[in-house]
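Asker: Please read through the structure below; I'll follow up with questions.
The values are calculated or read from the model by the stated rules, or taken from the named source; none is laboratory data. Please read these numbers as outputs of a predicted model, since none were measured by experiment. Ideal geometry is used to build each Cβ from the backbone, glycine not excepted, and the neighbour counts take in all protein chains shown. All accessible areas refer to the heavy atoms of the entire protein, side chains included, with ligands and DNA or RNA removed. Shrake-Rupley method; radii C 1.70, N 1.55, O 1.52, S 1.80 Å.
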Protein chains: 2
Amino acid sequence: MKAKVHVTLKQGVLDPQGKAVENALAALGFGGVTGVRQGKVIEFELSQTDPEKAQVQVEEMCKKLLANTVIEDYAIDIAEG
Amino acid sequence: MKAKVHVTLKQGVLDPQGKAVENALAALGFGGVTGVRQGKVIEFELSQTDPEKAQVQVEEMCKKLLANTVIEDYAIDIAEG
């Protein structure tokens, strides 16, 4: 199975990296860009072949390693292949 | 308009960050995880209201700032809202 995990900062948590991108875009002449937020995507393959078990396993990975659940949200996509 | 840009390392480019995640998952007891790749997602709002013009503008942003096209690929999602 293929897993894709999106990790994004929770609403309300300051995003200095996003702010830096916003300022850099403005400096390059790209006006009208607001609310820039930067997150990460982690993609990997799992030897687990049962989608439900894979989902549970990946949730566990998110809680233990991939996301800091105090300030980050995560979304999991499990696909065949 | 809302724009979402996914930036991922090109196939064949070494991903030490992904490798570190893979090793950490293995150390935590999550076996059967291979090919970990880490990318980033940049989300923002555009004042541009024409989807086609927005697409062109965001492509330009990717080439100039958001992605290093020598080693990274990017994918753009433009949505109403």
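Asker: How far is helix A:16-27 tilted off the main Cα axis of chain A, in degrees rounded to 10, range 0 to 90?
Answerer: With rounding to tens, the tilt is 40 degrees.
Asker: About the Cα centre of the protein assembly as shown, how large is the charge dipole given +1 on each Lys and Arg Cβ and -1 on each Asp and Glu Cβ? Please answer in debye to the nearest 20.
Answerer: Around 460 debye, computed over the protein assembly as shown.
Asker: Turning to a different aspect of this structure: Could you pull the copy-to-copy label distances for B:Leu65, with points set 7 Å along Cα to Cβ, in nm to one decimal and sorted shortest first?
Answerer: 3.4
Asker: I would also like to ask the following. Of all the Cα-Cα pairs you can form in the stretch A:3-81, what percent are over 18 Å apart?
Answerer: Value for the stretch A:3-81: 51 percent of Cα pairs lie more than 18 Å apart.
Asker: In square angstrom and rounded to 100, what buried accessible area do you get between chains B and A, total over both, with the probe at 1.4 Å? Show your work: numbers first, answer last.
Answerer: Numbers: alone 5770 and 5790 Å², together 9070 Å².
Roughly 2500 Å².
Asker: Please compute the per residue accessible area over chain B with all protein chains in place, 1.4 Å probe, rounded to a whole number of Å². List each step's numbers first, then the result.
Answerer: Details: 4530 Å² over 81 residues.
Using a 1.4 Å probe on heavy atoms only, each residue of chain B averages 56 Å².
Asker: What's the angle, to the nearest 10 degrees (0 to 90), between helix A:51-61's Cα axis and the longest principal axis of chain A?
Answerer: Around 50 degrees separate the two axes.
Asker: Moving on. In whole percent, how big is the carbon plus sulfur part of the accessible area of chain A, probe 1.4 Å, protein atoms only?
Answerer: About 52 percent, which is the carbon plus sulfur part of the accessible surface.
Asker: In whole angstrom, how far apart do the alpha carbon centroids of the stretch B:46-81 and the stretch A:5-37 sit?
Answerer: After rounding, the separation between the Cα centres reads 14 Å.
Asker: Quick one: label points 7 angstrom along Cα→Cβ at B:Glu80, distances to the other copies in nm, smallest first?
Answerer: Here the equivalent label points are 3.3 nm apart from this one.
Asker: Among the GluC sites (Glu not before Pro) within the stretch A:28-81, which fall in a DSSP loop and have no more than 10 other Cβ atoms within 10 Å of their own Cβ?
Answerer: Working: sites: A:Glu43, A:Glu45, A:Glu52, A:Glu59, A:Glu60, A:Glu72, A:Glu80; in loops: A:Glu80.
In loop regions of the stretch A:28-81 (DSSP not H, G, I, E or B), the sparsely surrounded GluC sites (Glu not before Pro) are A:Glu80.
Asker: Considering only DSSP states other than H, G, I, E and B, which chymotrypsin sites (Phe, Trp or Tyr not before Pro) in the stretch A:1-78 qualify as loop sites with at most 14 other Cβ atoms within 10 Å?
Answerer: Taking the stretch A:1-78 and a limit of 14 other Cβ atoms within 10 Å, no loop chymotrypsin sites (Phe, Trp or Tyr not before Pro) are found.
Asker: Tell me, what is the FRET efficiency for A:Glu60 and A:Gln11 to the nearest 0.05, using R0 = 22 angstrom and their Cβ-Cβ distance as r?
Answerer: Plugging the Cβ-Cβ distance into 1/(1 + (r/R0)^6) gives 0.35.
Asker: How far apart are the A:Pro51 label points across copies, placing each 7 Å from Cα toward Cβ, in nm, shortest first?
Answerer: Result, one decimal in nm: 2.7.
Asker: Of all the Cα-Cα pairs you can form in the protein assembly as shown, what percent are over 26 Å apart?
Answerer: Counting every Cα pair in the protein assembly as shown, those more than 26 Å apart make up 33 percent.
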